[in-house]
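Undergrad: Let me begin by handing over the structure; questions about it come next.
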Amino acid sequence: MEFGEVLSCEALCDGSPKTFDINRKPWIDVTIADNAEIWQTVSACPSGALKVLYRHEIDVVFDCDNHRSVAYDEDKVIGECDYRDNGDSWVIYHTEVDPNYGGKGIAKRLVYKVIEAAEKNKVGLEATCSYAVKVLSE
């Protein structure tokens, strides 16, 4: 562990000791503290390694059968991230969110959901969709 990593952990634990406890496994538990405390602590993280995505009451699910992740506002589909399965790798080729839901980080959550599934399935991941290319490079 490098010196900067130690400082980051200490800053997080000091900022929200209920949420971040390096003696607990897992060491992050977002169910204990209130949202404002967690947001403020993560925003102040010196390394910038942690980020918070607000859910906005939108569910994002992985739909393996249709090769996509889908965002729902209750029963209404409001966004999707589509990928092509090439066997040993997936290629994200399209990400779209209803303009009425723009600016809430939903597109990023859609791409993250595909990333998570690719990691679980141990397949490579690439993108031709310009937005997904940007997210993958972060």
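The values are calculated or read from the model by the stated rules, or taken from the named source; none is laboratory data. Remember, predicted model here, so these are calculated numbers, not experimental data. Heads up, the Cβs are rebuilt from the backbone with ideal geometry, glycines too, and the neighbour counts pull from every protein chain shown.
Undergrad: All but one of (1) at pLDDT below 90; (2) exposed (fewer than 15 other Cβ atoms within 10 Å of the Cβ); (3) in contact with a helix residue (DSSP H, G or I) (Cβ under 9 Å, 6 or more places away or on another chain) hold for THR31; which doesn't?
TA: Failing condition for THR31: (3).
Undergrad: So, of the residues in region 65-94 that are among the charged types (D, E, K, R) and under 18 Å from ILE106 (Cβ atoms), which turns out to be surrounded by the fewest Cβ atoms within 10 Å (Cβ to Cβ)?
TA: ASP75
Undergrad: So for region 42-58 (the condition being among the charged types (D, E, K, R), within 22 Å of VAL135 (Cα to Cα) and modelled with pLDDT of 90 or more), does at least one residue qualify?
TA: Looking for residues that are among the charged types (D, E, K, R), within 22 Å of VAL135 (Cα to Cα) and modelled with pLDDT of 90 or more, one finds none in region 42-58, hence no.
Undergrad: Which residues, counting only those in region 122-136, are part of a loop (DSSP other than H, G, I, E, B) and surrounded by fewer than 13 Cβ atoms within 10 Å (Cβ to Cβ)?
TA: Result: LYS122, THR128.
Undergrad: Looking only at region 65-74, filter to residues that are under 18 Å from the mean Cα position of the chain (by Cα) and not charged (D, E, K, R); which one of those is nearest to ILE92 (Cα to Cα)?
TA: SER69
Undergrad: Another question about this same structure. Being in contact with a Gly (Cβ under 9 Å, 6 or more places away or on another chain) and farther than 17 Å from VAL60 by Cα is the filter here; which residues of region 92-138 pass it?
TA: If the condition is that a residue be in contact with a Gly (Cβ under 9 Å, 6 or more places away or on another chain) and farther than 17 Å from VAL60 by Cα, then VAL123 is the only one that fits.
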